[in-house]
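The values are calculated or read from the model by the stated rules, or taken from the named source; none is laboratory data. No experiment lies behind these values; they were computed from the predicted model shown. So basically every Cβ, Gly included, is an ideal-geometry build from the backbone, and we count neighbours across all protein chains shown.
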Amino acid sequence: MDERLESLKKHVESRPFLVLRLDDEEWDAVTSSRNGIAKFSIAKKHDQLDGVKKNTPCLVMGSGKHADAIYLGLVSSVAAVSTLDSRLTIRRAVKIEPSNADALAQTISNGYYSKQVKNRLTKEDINNLSSNQSKHLLGGLSSVESNAAALKIIDSIISAPKAFNGNASLQGDAISVALATFGLGKGDVAESIELAKGKESGLSRISFMEDNAIELDAKKISGYELVGADLTGRAKFRKGTEELEVITANRRELEHCLGVDLIYINLTHKSVVALQYKMLEPVDGKDGSTDWIYRPDSKLSDEITRMKKFRVEHKPSGSEYRISSEFFYLKFVKRDALITNGSILMPLEHFERVRKAPSFKGARGGIRLSYEALGGNYLRAAPFMDLLRSGYIGSHADTTDELKTLIEEILTGNKAVIAAIQKPQGKV
């Protein structure tokens, strides 16, 4: 918590807290809206929002009959909507404790700042705290254990990676793919989010319904009894009659056993697609341009060997149809490139052909993988997600049933199954 608190204190030096108090009518209107307090917009006079920037922390407070309710969220945007007014959008608002202004101010140990913050919190409508007041308020909030989830969520959003440069950025991208495949966008919210204490999860940057973000011991989050409490978070989404559950973990068993980072199970079409992320490195091309090279590491051959073990497939049944029943895919992303930039996806079978072709050989044993080098023979993210959502790619139903059972056994820590999968070929 200390590291997170210091990060937030540094953040409020340039973006001090905004305090937004809603009257009864406004509160009732917001809470009855589609996303409730979790995400809403409200119009205010231009001068009231002067200097307010994106990712400014905001205390959303009730008044009158709702005076005992305080939420901590972030400013998503401020935009002019008329000659006189600007639209203020708040997102990721989480209920905090204490739930009234007097008690919240009393969590601040410094008497001088406690009194100053109390005066600000009891004002009507909207106002700003100073940077120092904001720092002391953060200290008070962090002293209440039940506020840990709210502070984790706010810090995770503020410090979210914007480029591909580590595991956090890859996990964030993977979650986005899962949501998009389910037909969800940035504006959709989770029914609930559970975060593991002391663990980092890309799910902490997901929108969620009010009061449904909690922090728990990792072993209490899911039915999966993950060995070593590797679970970091779980979120549930609903769209119509369908439900999506996203689980994040620092567990390596799936990668060790299957050679992949991520597995998507489409229960509607009974297909499985497994994905392995790979990083592309920039090198100077002969003509002065930049080439993007994938340098196979020592793990690649082992990963591909493990993937091939599970390529045995059943024939389609009934009206079932796949464009391709290949269910192992690789996703290549450019190091330090913006996450919003394009990526290259290809099935394992295609990659194996590319890496053997002389025309793709690059510097120092690398493989040239770029849009130009592939000549359009690759998948972009959007078409890949369309194919995944429609069930046009991935394993056939009978293969999926076997894979699903196997994956569940791995996740629940069945050491006998794990040992059998990891056993070297040709040995008993």
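When restricted to residues that are within 24 Å of the chain's Cα centre (by Cα) and either within 10 Å of P98 (Cα to Cα) or surrounded by fewer than 18 Cβ atoms within 10 Å (Cβ to Cβ) (or both), region 135-152 contains 3.
Looking only at residues that are in a helix (DSSP H, G or I) and surrounded by 18 or more Cβ atoms within 10 Å (Cβ to Cβ) in region 97-114, which one is modelled with the lowest pLDDT? Walk me through how you get there before you give the answer.
Step one: filter region 97-114 for residues in a helix (DSSP H, G or I), giving 101-106, 111-114.
Keeping just the survivors that are surrounded by 18 or more Cβ atoms within 10 Å (Cβ to Cβ) gives 101, 104-105, 113-114.
Values: A101: 92, L104: 96, A105: 95, Y113: 96, S114: 96.
The selected residue is A101.
Give region 56-81 a look and list any residue that's of a type in the set (S, T, N, Q) and either modelled with pLDDT of 95 or more or more than 21 Å from L151 (Cβ to Cβ) (or both), or say none. If the condition is that a residue be of a type in the set (S, T, N, Q) and either modelled with pLDDT of 95 or more or more than 21 Å from L151 (Cβ to Cβ) (or both), then T56, S63, S77 are the ones that fit. Among the numbered conditions (1) among the aliphatic types (A, V, I, L, M); (2) under 26 Å from the mean Cα position of the chain (by Cα); (3) assigned to a helix (DSSP H, G or I), the only one that V117 does not meet is (2).
Taking the listed residues A274, A229, A249, the one that is within 20 Å of E409 (Cα to Cα), in contact with a Leu (Cβ under 9 Å, 6 or more places away or on another chain), crowded, with 19+ Cβ neighbours inside 10 Å and at pLDDT below 75 is A249, with no other qualifying. When G365 is tested against (1) touching a Leu at 6+ places or on another chain (Cβ under 7 Å); (2) touching a residue at least 40 places away in the same chain (Cβ under 8 Å), exactly one condition is not met: (1).
Checking the structure you have, find out if any residue of region 184-191 is free of Cβ contacts under 8 Å to residues at least 40 places away in the same chain and outside the structural domain of Q106 (by TED's automatic domain parsing).
The answer is yes, given that some residue of region 184-191 is free of Cβ contacts under 8 Å to residues at least 40 places away in the same chain and outside the structural domain of Q106 (by TED's automatic domain parsing).
When region 308-328 is limited to residues that are at pLDDT below 80 and touching a strand residue (DSSP E or B) at 6+ places or on another chain (Cβ under 9 Å), the one that is surrounded by the most Cβ atoms within 10 Å (Cβ to Cβ) turns out to be F310.
When the residues of region 62-83 are filtered to those that are in contact with a strand residue (DSSP E or B) (Cβ under 6 Å, 6 or more places away or on another chain) and not in a strand (DSSP E or B), the one that is farthest from K123 (Cα to Cα) is V81. When region 252-269 is limited to residues that are modelled with pLDDT of 75 or more and either acidic (D, E) or touching a strand residue (DSSP E or B) at 6+ places or on another chain (Cβ under 6 Å) (or both), the one that is surrounded by the fewest Cβ atoms within 10 Å (Cβ to Cβ) turns out to be I265. Say we look at region 355-370 and pick out the residues that are on the phi < 0 side of the Ramachandran plot and touching a Pro at 6+ places or on another chain (Cβ under 9 Å); which of these is surrounded by the most Cβ atoms within 10 Å (Cβ to Cβ)? Among those that are on the phi < 0 side of the Ramachandran plot and touching a Pro at 6+ places or on another chain (Cβ under 9 Å), it is I367.
Name the residues in region 338-353 that are modelled with pLDDT under 85 and crowded, with 17+ Cβ neighbours inside 10 Å, would you?
I339, the sole residue that qualifies.
Screening V94, V78 for residues that are buried (at least 17 other Cβ atoms within 10 Å of the Cβ), within 23 Å of H136 (Cβ to Cβ) and in contact (Cβ under 8 Å) with a residue 12 or more places away in the chain leaves exactly one candidate, V94. Selection of region 371-389 for residues being surrounded by fewer than 14 Cβ atoms within 10 Å (Cβ to Cβ) and either in contact with a His (Cβ under 7 Å, 6 or more places away or on another chain) or of a type in the set (D, E, K, R) (or both) yields E372, R380.
Note on region 153-181: residues that are surrounded by fewer than 16 Cβ atoms within 10 Å (Cβ to Cβ) and acidic (D, E) total 0. I175 meets each of the listed conditions (1) of a type in the set (A, V, I, L, M); (2) over 24 Å from V273 (Cα atoms); (3) not assigned by TED's automatic domain parsing to the domain that holds E13 apart from (2).
So which strands (runs of 3 or more DSSP E) are wholly in region 284-402 and hold at least 3 residues that are within 22 Å of V273 (Cβ to Cβ)?
Details: elements: 290-294, 328-334, 344-347.
Output list reads 328-334, 344-347.
Scanning region 147-198 for residues that are part of a loop (DSSP other than H, G, I, E, B) and either among the aliphatic types (A, V, I, L, M) or more than 21 Å from V94 (Cα to Cα) (or both) yields A160, P161, K162, F164, N165, G166, F182, G183, L184, V189. In the set (1) in the same structural domain as L262 (by TED's automatic domain parsing); (2) modelled with pLDDT of 80 or more, the condition left unmet by E200 is number (2).
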